[in-house]
Amino acid sequence: MSGHSGLQPSAWVTRWAHLVQPAGRVLDVAAGSGRHARWFAARGHAVTAVDRDEAALATLPPDIRTLAADLEGDPWPLGAATFDAVVVTNYLWRPLFASLRDAVADGGLLVVETFGVGQASVGKPSNPAFLLAPGELISLVQGLRIVAYEDGFLDTPARFVQRIAAVREAGGAASPARHPLRKAGVPGSLESIDSGETA
(Lines give C-alpha, C1' and ligand atoms only; values in the text may rest on other atoms or scores of the structure.)
Protein backbone atom coordinates (compact mmCIF):
# COMPACT_ATOMS: atom_id res chain seq x y z
CA MET A 1 0.00 0.00 0.00
CA SER A 2 1.44 3.33 -0.99
CA GLY A 3 -0.18 6.68 -1.44
CA HIS A 4 1.09 10.22 -1.61
CA SER A 5 -0.94 13.40 -1.75
CA GLY A 6 0.40 15.64 -4.49
CA LEU A 7 4.10 16.30 -4.93
CA GLN A 8 4.77 18.16 -1.70
CA PRO A 9 7.49 16.28 0.22
CA SER A 10 6.93 15.17 3.79
CA ALA A 11 8.08 17.75 6.32
CA TRP A 12 9.61 14.90 8.33
CA VAL A 13 11.76 13.87 5.36
CA THR A 14 12.88 17.40 4.57
CA ARG A 15 13.62 18.06 8.25
CA TRP A 16 16.22 15.26 8.36
CA ALA A 17 17.59 15.62 4.83
CA HIS A 18 20.55 17.62 6.16
CA LEU A 19 21.93 14.31 7.50
CA VAL A 20 22.36 13.03 3.94
CA GLN A 21 25.80 13.71 2.53
CA PRO A 22 25.92 16.20 -0.36
CA ALA A 23 25.27 14.52 -3.72
CA GLY A 24 24.66 11.27 -1.83
CA ARG A 25 22.72 8.34 -3.25
CA VAL A 26 19.05 8.29 -2.22
CA LEU A 27 16.58 5.42 -2.48
CA ASP A 28 12.87 6.34 -2.54
CA VAL A 29 10.93 3.18 -1.62
CA ALA A 30 7.32 2.77 -2.78
CA ALA A 31 7.95 6.08 -4.52
CA GLY A 32 4.54 6.50 -6.13
CA SER A 33 4.53 9.79 -8.04
CA GLY A 34 8.04 10.47 -6.78
CA ARG A 35 7.55 13.47 -4.53
CA HIS A 36 10.69 12.64 -2.53
CA ALA A 37 12.66 11.39 -5.52
CA ARG A 38 12.02 14.70 -7.29
CA TRP A 39 12.86 16.75 -4.18
CA PHE A 40 16.21 15.03 -3.61
CA ALA A 41 17.12 15.02 -7.32
CA ALA A 42 16.51 18.78 -7.46
CA ARG A 43 19.12 19.11 -4.71
CA GLY A 44 21.80 17.23 -6.60
CA HIS A 45 21.36 13.73 -5.22
CA ALA A 46 21.60 10.58 -7.32
CA VAL A 47 18.14 9.10 -6.82
CA THR A 48 16.66 5.66 -7.39
CA ALA A 49 12.86 5.36 -7.19
CA VAL A 50 11.30 1.93 -6.78
CA ASP A 51 7.57 1.14 -7.01
CA ARG A 52 5.33 -1.46 -8.61
CA ASP A 53 3.37 1.25 -10.46
CA GLU A 54 5.18 1.55 -13.79
CA ALA A 55 2.86 4.32 -14.99
CA ALA A 56 3.75 6.49 -11.97
CA LEU A 57 7.46 5.83 -12.42
CA ALA A 58 7.18 6.82 -16.09
CA THR A 59 6.26 10.37 -15.02
CA LEU A 60 9.60 10.93 -13.30
CA PRO A 61 12.32 12.99 -14.99
CA PRO A 62 15.13 11.11 -16.75
CA ASP A 63 17.75 12.04 -14.15
CA ILE A 64 15.97 9.75 -11.65
CA ARG A 65 16.71 6.04 -12.00
CA THR A 66 13.47 4.06 -11.83
CA LEU A 67 12.92 0.44 -10.96
CA ALA A 68 9.54 -1.28 -11.28
CA ALA A 69 9.25 -4.06 -8.70
CA ASP A 70 6.68 -5.78 -6.53
CA LEU A 71 8.20 -5.14 -3.11
CA GLU A 72 5.78 -7.52 -1.43
CA GLY A 73 5.76 -10.43 -3.85
CA ASP A 74 9.27 -10.52 -5.29
CA PRO A 75 12.75 -10.70 -3.75
CA TRP A 76 14.43 -7.40 -2.82
CA PRO A 77 15.25 -5.92 -6.24
CA LEU A 78 18.43 -4.00 -5.35
CA GLY A 79 20.66 -6.83 -4.13
CA ALA A 80 23.48 -5.63 -1.91
CA ALA A 81 23.38 -2.00 -3.14
CA THR A 82 23.59 0.61 -0.39
CA PHE A 83 22.46 4.23 -0.26
CA ASP A 84 23.26 7.34 1.73
CA ALA A 85 19.55 7.72 2.43
CA VAL A 86 16.60 5.35 2.29
CA VAL A 87 13.21 7.09 2.38
CA VAL A 88 9.87 5.37 3.05
CA THR A 89 6.58 7.21 3.58
CA ASN A 90 2.94 6.10 3.74
CA TYR A 91 3.96 2.50 3.15
CA LEU A 92 4.33 -0.47 5.46
CA TRP A 93 5.44 -4.00 4.61
CA ARG A 94 7.10 -5.41 7.68
CA PRO A 95 9.09 -8.20 5.94
CA LEU A 96 10.88 -5.49 3.93
CA PHE A 97 12.55 -3.83 6.92
CA ALA A 98 15.60 -6.14 7.03
CA SER A 99 16.35 -5.17 3.41
CA LEU A 100 15.74 -1.49 4.15
CA ARG A 101 18.20 -1.55 7.05
CA ASP A 102 20.78 -3.41 4.95
CA ALA A 103 20.41 -0.82 2.18
CA VAL A 104 21.61 2.00 4.46
CA ALA A 105 25.31 2.69 3.83
CA ASP A 106 27.79 3.44 6.62
CA GLY A 107 26.98 6.94 7.80
CA GLY A 108 23.67 6.80 5.93
CA LEU A 109 20.12 7.67 6.98
CA LEU A 110 16.86 5.72 7.09
CA VAL A 111 13.84 7.99 7.35
CA VAL A 112 10.37 6.48 7.70
CA GLU A 113 6.94 8.02 8.19
CA THR A 114 3.79 5.91 8.04
CA PHE A 115 0.48 5.27 9.72
CA GLY A 116 -0.07 4.06 13.26
CA VAL A 117 -2.83 2.40 15.22
CA GLY A 118 -5.74 4.82 15.56
CA GLN A 119 -5.72 5.77 11.87
CA ALA A 120 -8.91 3.78 11.26
CA SER A 121 -10.77 6.32 13.42
CA VAL A 122 -9.98 9.16 11.01
CA GLY A 123 -9.63 7.53 7.58
CA LYS A 124 -7.64 5.16 5.41
CA PRO A 125 -5.75 2.94 5.77
CA SER A 126 -7.88 1.05 8.26
CA ASN A 127 -6.45 -2.44 7.75
CA PRO A 128 -4.37 -3.31 10.85
CA ALA A 129 -1.76 -4.90 8.57
CA PHE A 130 -0.83 -1.38 7.44
CA LEU A 131 -0.83 0.27 10.87
CA LEU A 132 2.10 0.30 13.28
CA ALA A 133 1.51 -0.70 16.89
CA PRO A 134 2.75 1.76 19.54
CA GLY A 135 6.56 1.77 19.52
CA GLU A 136 6.75 -0.83 16.75
CA LEU A 137 8.84 1.28 14.40
CA ILE A 138 11.65 1.41 16.95
CA SER A 139 11.99 -2.37 16.85
CA LEU A 140 11.89 -2.42 13.05
CA VAL A 141 15.04 -0.26 12.77
CA GLN A 142 17.03 -2.29 15.30
CA GLY A 143 20.76 -2.05 14.61
CA LEU A 144 20.61 1.60 13.55
CA ARG A 145 21.07 4.61 15.82
CA ILE A 146 17.80 6.45 16.33
CA VAL A 147 18.22 10.20 15.99
CA ALA A 148 14.55 11.11 16.26
CA TYR A 149 11.24 9.32 16.78
CA GLU A 150 7.63 10.44 17.04
CA ASP A 151 4.42 8.50 17.61
CA GLY A 152 1.18 10.43 17.75
CA PHE A 153 -1.58 12.38 16.04
CA LEU A 154 -1.30 15.13 13.44
CA ASP A 155 -4.33 17.24 12.60
CA THR A 156 -3.55 18.61 9.13
CA PRO A 157 -4.58 16.33 7.56
CA ALA A 158 -5.89 14.24 10.46
CA ARG A 159 -3.74 11.14 10.83
CA PHE A 160 -2.03 8.89 13.33
CA VAL A 161 1.65 8.46 12.45
CA GLN A 162 4.91 6.97 13.56
CA ARG A 163 8.07 8.42 12.12
CA ILE A 164 11.73 7.86 12.67
CA ALA A 165 15.12 9.06 11.52
CA ALA A 166 17.93 6.57 12.13
CA VAL A 167 21.54 6.37 10.99
CA ARG A 168 24.03 3.59 10.46
CA GLU A 169 27.08 4.53 12.47
CA ALA A 170 30.27 4.31 10.42
CA GLY A 171 32.56 1.70 11.95
CA GLY A 172 36.07 2.54 13.13
CA ALA A 173 35.47 6.25 13.64
CA ALA A 174 38.10 7.87 15.87
CA SER A 175 35.58 10.22 17.49
CA PRO A 176 31.80 10.01 18.04
CA ALA A 177 29.69 10.86 15.01
CA ARG A 178 27.68 14.06 15.28
CA HIS A 179 24.15 13.98 13.92
CA PRO A 180 22.85 17.57 14.13
CA LEU A 181 19.23 17.83 15.20
CA ARG A 182 18.78 20.93 13.04
CA LYS A 183 20.33 22.14 9.82
CA ALA A 184 23.19 24.57 10.53
CA GLY A 185 22.29 28.24 10.17
CA VAL A 186 18.52 27.79 10.52
CA PRO A 187 16.94 30.36 12.91
CA GLY A 188 15.88 28.60 16.09
CA SER A 189 18.40 25.82 15.52
CA LEU A 190 20.55 24.49 18.32
CA GLU A 191 23.52 26.50 17.05
CA SER A 192 21.68 29.84 17.21
CA ILE A 193 20.17 29.08 20.63
CA ASP A 194 23.51 28.04 22.10
CA SER A 195 25.26 31.14 20.74
CA GLY A 196 22.68 33.49 22.24
CA GLU A 197 21.13 34.46 18.89
CA THR A 198 17.37 34.96 18.74
CA ALA A 199 15.10 33.56 16.09
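The values are calculated or read from the model by the stated rules, or taken from the named source; none is laboratory data. None of these values were measured; they are calculated from a predicted model. Glycine also receives a Cβ, built like all others from the backbone with ideal geometry; neighbour counts cover every protein chain displayed.
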Identify the residue in the range 155-179 that is surrounded by 13 or more Cβ atoms within 10 Å (Cβ to Cβ) and in a loop (DSSP other than H, G, I, E, B) and, among all such residues, is modelled with the lowest pLDDT.
HIS179
Out of the range 58-81, which residues are crowded, with 20+ Cβ neighbours inside 10 Å and over 18 Å from the mean Cα position of the chain (by Cα)?
LEU60
Taking the stated definitions as given, is TRP12 closer than 24 Å to PRO180 by Cα, touching a helix residue (DSSP H, G or I) at 6+ places or on another chain (Cβ under 8 Å) and either among the polar types (S, T, N, Q) or surrounded by fewer than 22 Cβ atoms within 10 Å (Cβ to Cβ) (or both)?
no
Which ones in the range 106-124 are surrounded by fewer than 18 Cβ atoms within 10 Å (Cβ to Cβ) and not basic (Lys, Arg)?
ASP106, VAL117, GLY118, ALA120, SER121, VAL122, GLY123
Run down ALA129, ALA98 and say which single residue is in a helix (DSSP H, G or I), over 21 Å from ARG168 (Cβ atoms) and out of contact with any helix residue (DSSP H, G or I) (no Cβ under 8 Å at 6 or more places or on another chain).
ALA129
Condition check: in a loop (DSSP other than H, G, I, E, B) and more than 18 Å from ALA30 (Cα to Cα). Does GLY123 satisfy that?
yes
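Let's see how each residue does on (1) surrounded by fewer than 17 Cβ atoms within 10 Å (Cβ to Cβ); (2) free of Cβ contacts under 8 Å to residues at least 60 places away in the same chain; (3) of a type in the set (Gly, Ala, Ser); (4) closer than 17 Å to GLY108 by Cα:
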position: ALA133; (1), (2), (3), (4): yes, yes, yes, no
position: SER139; (1), (2), (3), (4): yes, yes, yes, no
position: TYR149; (1), (2), (3), (4): yes, yes, no, yes
position: PHE153; (1), (2), (3), (4): yes, yes, no, no
The lone exception for ILE193 - which of (1) farther than 27 Å from THR82 by Cβ; (2) surrounded by fewer than 16 Cβ atoms within 10 Å (Cβ to Cβ); (3) modelled with pLDDT of 80 or more it fails
(3)
